1. Go through the range 82-115 and report how many residues are more than 13 Å from A6 (Cβ to Cβ) and modelled with pLDDT of 85 or more.
2. Quick one: what pairs do we get from the range 22-47, first residue without any contact (Cβ under 8 Å) to a residue 60 or more places away in the chain, second part of a helix (DSSP H, G or I) and of a type in the set (G, A, S), C-beta under 9 Å, 6+ apart or different chains?
3. Could you tell me whether the range 40-63 includes any residue that is more than 15 Å from the chain's Cα centre (by Cα), charged (D, E, K, R) and surrounded by 12 or more Cβ atoms within 10 Å (Cβ to Cβ)?
4. Residues of the range 84-113 being in contact (Cβ under 8 Å) with a residue 40 or more places away in the chain and not basic (K, R), which ones?
5. Just checking, which of S64, S58 is closer than 23 Å to Y106 by Cα and not basic (K, R)?
6. Within the range 28-37, is even one residue of a type in the set (D, E, K, R), exposed (fewer than 15 other Cβ atoms within 10 Å of the Cβ), touching a Phe, Trp or Tyr at 6+ places or on another chain (Cβ under 6 Å) and over 18 Å from M1 (Cα atoms)?
Amino acid sequence: MADDAAGGLFAVNYGSFGTDKENIYYFSPRSLQWEAFGINYEDFIWFCFIGGLEKFYSGIRWTSWRKDVQSVNADEVFHIMPSLWSVEGKDFEKSIKKPVPADEEYVYKLSLLKAADKNDH
């Protein structure tokens, strides 16, 4: 697993996400869903080296993201409010971005998913 500063999480599928084993999945802070990346780990590394991340993150970066990311430790991500999956959270320039421990952010997001699951049933 690997996280990104925006609160996303990359994982290799070893059977938890479906039949496309060894492909990369991304837990999106925009949708709070695991999304198939459509490529395996080797292709993902190549994708990163050839500039694919620029396009991938084009809709989630704000003007000062380069400077802001420099203030985040390796074990931190940004807690972004309003949340990226909300209507109000679509304007990244107005969002408050606060570095928090990555594990705390993922526990928070998973608790939101569990609450949503309970409401659906």
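The values are calculated or read from the model by the stated rules, or taken from the named source; none is laboratory data. The structure displayed is predicted, hence computed values, not measured ones. Note: ideal-geometry Cβ built from the backbone for every residue, glycine included; neighbour counts use all protein chains shown.
1. Here is the first cut: in the range 82-115, the residues more than 13 Å from A6 (Cβ to Cβ) are 82, 86-88, 90-91, 93-94, 96, 101, 103-104, 107-108, 110-115.
Pick out the ones that are also modelled with pLDDT of 85 or more and you get 82, 86-88, 93-94, 96, 101, 103-104, 107-108, 111.
Adding up the residues that qualify gives 13.
2. R30/G89; F44/G52; W46/G52
3. yes
4. Step one: list which residues in the range 84-113 are in contact (Cβ under 8 Å) with a residue 40 or more places away in the chain, which gives 84-85, 102, 105-106, 109, 112-113.
If the condition is that a residue be in contact (Cβ under 8 Å) with a residue 40 or more places away in the chain and not basic (K, R), then L84, W85, A102, E105, Y106, L112, L113 are the ones that fit.
5. Working: S64 fails: closer than 23 Å to Y106 by Cα.
Answer to the check: S58.
6. Within the range 28-37, the first condition is being of a type in the set (D, E, K, R), and the residues that meet it are 30, 35.
Narrowing the set further to residues that are exposed (fewer than 15 other Cβ atoms within 10 Å of the Cβ) leaves 35.
Next, only the ones that are touching a Phe, Trp or Tyr at 6+ places or on another chain (Cβ under 6 Å) stay: 35.
Filter once more, so that each one left must be over 18 Å from M1 (Cα atoms): none.
No, the range 28-37 contains no residue that is of a type in the set (D, E, K, R), exposed (fewer than 15 other Cβ atoms within 10 Å of the Cβ), touching a Phe, Trp or Tyr at 6+ places or on another chain (Cβ under 6 Å) and over 18 Å from M1 (Cα atoms).
Here is a yes/no grid of residues against (1) acidic (D, E); (2) at pLDDT below 90:
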site: V12; (1), (2): no, no
site: G18; (1), (2): no, yes
site: I39; (1), (2): no, no
site: D43; (1), (2): yes, no
site: C48; (1), (2): no, no
site: S58; (1), (2): no, yes
site: Q70; (1), (2): no, no
site: E76; (1), (2): yes, no
